[in-house]
Amino acid sequence: MTRISVIVGSTREARFSEKPAHWMLRHLGKREGVEARLLDLRDFPMPFFDDPTPPSRRGRPPYAHETVKRWTAEIAAADGFVFVTPEYNHGLPAVLKNAIDWVYPEWHRKAAAFVSYGSAGGARAVEQLRQVVAEVGLAQSRFAVHVPIATLMAHFQGGDVDKGLSELDRPANALIDDLLWWTTTLKTARAAA
């Protein structure tokens, strides 16, 4: 069984991110041999990274913060990730960057893909995320799903968000196909190492 974790990258009130996150979970749930899990950053209220020892340092002491321990265990248990992120001020949310920064070896040699929304479909947040996840050792799908602003606005105006997301089924399936190829390839390589 391959475990893919869908990470909800926003904790704001009235957020939109959980809608595309659940939409991706439904798509992943249709795939044979895939266990899809939701990792909502609201459920992992971590302090801003202030640990004296970076997570990348070998032999670092165990984390003291219980929430960070739970988060790290979830990342370690997953084979791949779909990051669902808004774009804030041409970048990714601080809460998502912080969640990535708390972990290091548990991300290594796994796969990542991106679903974004906001100004320019969240493309600038994804560009920043690509740099960050490369540094923690995640392989990336070249595909991303950028939710149009009209679908985002439907969330705030009482419109049909599901209809807007369903128009993105084709790019979502291309993203999942590529993510699962990378996930399977990397999982096989990790097992052989």
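Couple of notes before you dig in:
- Test: residue in the range 152-165 that is assigned to a helix (DSSP H, G or I), under 22 Å from Asp40 (Cα atoms), touching a strand residue (DSSP E or B) at 6+ places or on another chain (Cβ under 8 Å) and modelled with pLDDT of 95 or more: yes
- Cβ pairs under 6 Å, 6+ apart, first in the range 92-116 and among the polar types (S, T, N, Q) and crowded, with 23+ Cβ neighbours inside 10 Å, second modelled with pLDDT of 95 or more and assigned to a strand (DSSP E or B): Ser116/Thr85; Ser116/His146
- Verdict on Glu87 being acidic (Asp, Glu), at pLDDT 95 or above and surrounded by fewer than 22 Cβ atoms within 10 Å (Cβ to Cβ): no
- Evaluating Gln128 against the criteria (1) closer than 26 Å to Thr2 by Cα; (2) modelled with pLDDT of 95 or more; (3) touching a helix residue (DSSP H, G or I) at 6+ places or on another chain (Cβ under 9 Å); (4) not basic (Lys, Arg) leaves one unmet condition, (1).
- Single residue of the range 82-91 satisfying the filter (in contact (Cβ under 8 Å) with a residue 12 or more places away in the chain and outside any strand (DSSP E or B)) that is farthest from Thr11 (Cα to Cα): His90
- Residues located in the range 51-70, provided they are modelled with pLDDT under 90 and acidic (Asp, Glu): Asp51
- Picking from residues in the range 117-139 that are under 19 Å from Val8 (Cβ atoms) and not in a helix (DSSP H, G or I), the one that is nearest to the chain's Cα centre (by Cα) is Leu138.
- Residue check: Val126 meets all listed conditions (1) touching a Lys or Arg at 6+ places or on another chain (Cβ under 8 Å); (2) under 24 Å from Glu18 (Cβ atoms); (3) not aromatic (Phe, Trp, Tyr) but one, namely (1).
- Answer residue from the range 128-151, given it is within 18 Å of Asp178 (Cα to Cα) and charged (D, E, K, R) and is surrounded by the fewest Cβ atoms within 10 Å (Cβ to Cβ) among those: Arg142
- Residues (of a type in the set (D, E, K, R) and either in contact with a strand residue (DSSP E or B) (Cβ under 7 Å, 6 or more places away or on another chain) or not in a loop (DSSP other than H, G, I, E, B) (or both)) located in the range 1-59: Arg3, Glu18, Lys19, Arg26, Glu35, Arg37, Asp40, Arg42, Asp43
- Within the range 52-81, the set of residues being in contact (Cβ under 8 Å) with a residue 24 or more places away in the chain and either touching a Ser or Thr at 6+ places or on another chain (Cβ under 6 Å) or surrounded by fewer than 16 Cβ atoms within 10 Å (Cβ to Cβ) (or both) comprises Pro54, Ser56, Arg70, Ala76, Ala77, Ala78, Asp79, Gly80, Phe81.
The values are calculated or read from the model by the stated rules, or taken from the named source; none is laboratory data. It should be emphasised that the depicted structure is a prediction, and the values quoted were computed from it without experimental measurement. Note that we place each Cβ from the backbone using ideal geometry, even for glycine, and neighbour counts take in every protein chain shown.
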